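Okay, structure first, notes after.
The values are calculated or read from the model by the stated rules, or taken from the named source; none is laboratory data. Worth saying up front: this structure is predicted, and the values here are computed from it rather than measured. All Cβ positions, glycine included, derive from the backbone under ideal geometry; neighbour counts span all protein chains shown. Just so you know, the surface numbers come from the protein's heavy atoms only, side chains and all, with ligands and any DNA or RNA stripped out. Shrake-Rupley method; radii C 1.70, N 1.55, O 1.52, S 1.80 Å.
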Amino acid sequence: MPSLTEWKVPPANQPRPGDYSFDLDRALASVVGLHSIIPADAFSAETLGTERAGNGVLIDDGLVLTIGYLITEAETVWLHLGDGRVMQGHPLGFDFESGFGLVQALGRLDIEPLPLGSSAITRVGDRVVLGGAGGRTRSVASQIAAKQEFAGYWEYLLDEAIFTHPAHPNWGGTGLISGRGELVGIGSLQLEREREGKAEHVNMIVPIDLLKPVLDDLRKFGRVNKPARPWLGMFSTEIDNRIVVVGVAGKGPAARAEIKTGDVILAINGDKITSQTGFYRKLWSLGPAGVDVPLTVYHEGVTFDVVLTSVERAKLLKAPRLH
């Protein structure tokens, strides 16, 4: 297995203790490395791989917050601490709506949790740190570049995601640390945007305020204790105000209905759709998982209507095992 600490952030992008009013090294000590092993027959293995590595942040006694795709269907999770120790963890919970994942350490970590702040009070231009496992040399001095809606191709939507620049090269599960030394988000993606004619990389961060209403449920039940959203198993993107299918999850409702890559979704329940966010909001407004979803689809010159029976995404996944 490759070491989680073989790389370093360029020195010019590393945070310097004198630039912050909080104890930088103490805050970064709360960030751990995370390495997951996923069974080859897991539903997510084909898209996310069977070995996943990233970061997580200690937010309570033995409780590590990360981004959920790192631990989805994991049979083994290892936590890598800054002092070289490696400890096993148990994947405790995953919230599909926010994307957060929780891991319970199966032993004493002996590090201090990072206090939770408020993502709502962060502002564009704020100086922040994206903390990676391994301290300053694996963390990025960054700024909030934008706060805006984000739609992911995998039936995912955030009303207001946080975007930071410069980007962290090992972004998954990084901790977004505010100027107060508090955790205000968890790193999810690296995206490219155009600025002044040049392409630059930014990180998409899931705001910490989305964790607060669901944390107790995730700890108790491993999921949010409410009816799940309907899921179609359809990967889509918005091109020229049209929703185009770019992939289909095996065994999902879209695959069973023979939806194909390249199909265009024209309407849902008779309502014309022109944006990905509009598509998701209309889909989720139809009812909980299991609801029938009438679609109007354009396929190679032919327009047709089809009804997909939505499912609960979690039921296709392997449940974590206690060791």
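Taking the Cα centre of the chain as origin, sum charge times position over the Cβ atoms of Lys and Arg (+1) and Asp and Glu (-1), and report the length of that vector in debye to the nearest 20. Could the numbers behind the result be given before it?
Numbers: 32 positive and 38 negative charges, 61 e Å.
Result for the chain is approximately 300 debye, rounded to the nearest 20.
What the phi angles of the range 67-84 give under the Karplus curve with 6.51, -1.76 and 1.60, with θ = phi - 60°, is a coupling list of 8, x, 5, 6, 10, 4, 6, 5, 9, 9, 10, 10, 9, 9, 8, x, 8, x Hz, glycine and proline written as x. Computed across the range 83-187, the Kirkwood radius stands at 15.1 Å (inverse of mean 1/r, all Cα pairs). Short-range pairs are left out: with C-alpha atoms under 8 Å and at least six residues apart, the relative contact order of the chain is 15 percent. When the C-alpha to C-alpha distance is required to be over 23 Å, the pairs from Lys220/Lys318; Lys147/Lys260; Lys226/Lys315 that qualify are Lys147/Lys260. Using Cα pairs closer than 8 Å and at least 6 residues apart in sequence, work out the relative contact order for the range 164-323, in percent. Relative contact order, the range 164-323: 16 percent. Distance from the alpha carbon centroid of the range 171-209 to that of the range 264-297 works out to 30 angstrom. Over the range 42-195, Cα pairs under 8 Å with separation of 6+ residues give a relative contact order of 23 percent.
For the range 194-313, the carbon plus sulfur part of the accessible surface works out to 48%, probe radius 1.4 Å.
Residues of the chain: accessible area per residue at 1.4 Å, in Å²?
Working: 14980 Å² over 323 residues.
Value returned for the chain: 46 Å² of accessible area per residue.
Altogether, the Stokes-Einstein calculation at 4 °C and 1.567 mPa s, with the Kirkwood radius of the range 190-318 over Cα pairs as Rh, returns a diffusion coefficient of 78 µm²/s. Taking the centroid of alpha carbons for each part, the range 72-120 and the range 12-69 are 7 Å apart. Considering all C-alpha pairs of the chain, those separated by over 24 Å amount to 55%.
What is the sum of charges around Ser30, taking Lys and Arg as +1, Asp and Glu as -1, for the other residues whose C-beta is under 15 Å from the C-beta of Ser30? Charge balance in the 15 Å sphere: -2. Each Lys or Arg adds one and each Asp or Glu subtracts one; over the other residues with Cβ under 15 Å from the Cβ of Asp305, this totals -3. Working note: Karplus 6.51/-1.76/1.60 with θ = phi - 60° gives the range 176-189 the couplings 8, 9, 7, x, 8, x, 10, 7, 10, x, 10, x, 10, 9 Hz, where Gly and Pro are set to x.
Give me the percent of the accessible area of the range 38-140 that comes from carbon and sulfur atoms, probe 1.4 Å, all protein chains in place. Write down the numbers at each step before the final one.
Working: 1990 of 3930 Å².
Carbon and sulfur together cover 51 percent of it.
How big is the dipole moment of the range 1-82 about its Cα centre under a simple scheme where the beta carbon of each Lys and Arg is +1, that of each Asp and Glu is -1, and everything else is neutral? Debye, nearest 20, please. Intermediate values should be presented prior to the final figure.
Working: 4 positive and 11 negative charges, 70 e Å.
Once rounded to the nearest 20, the dipole reads 340 debye.
About its Cα centre, how strong a charge dipole does the range 56-106 have in debye, to the nearest 20, once Lys and Arg get +1 and Asp and Glu get -1 at the Cβ? Before the final figure, lay out the partial values.
Working: 1 positive and 7 negative charges, 35 e Å.
Charge dipole of the range 56-106: 160 debye, to the nearest 20.
Scanning residues 5 or more positions from Gln190 or on other chains, those with amide H under 5 Å from its amide H are Met204, with H placed 1.01 Å from N in the peptide plane.
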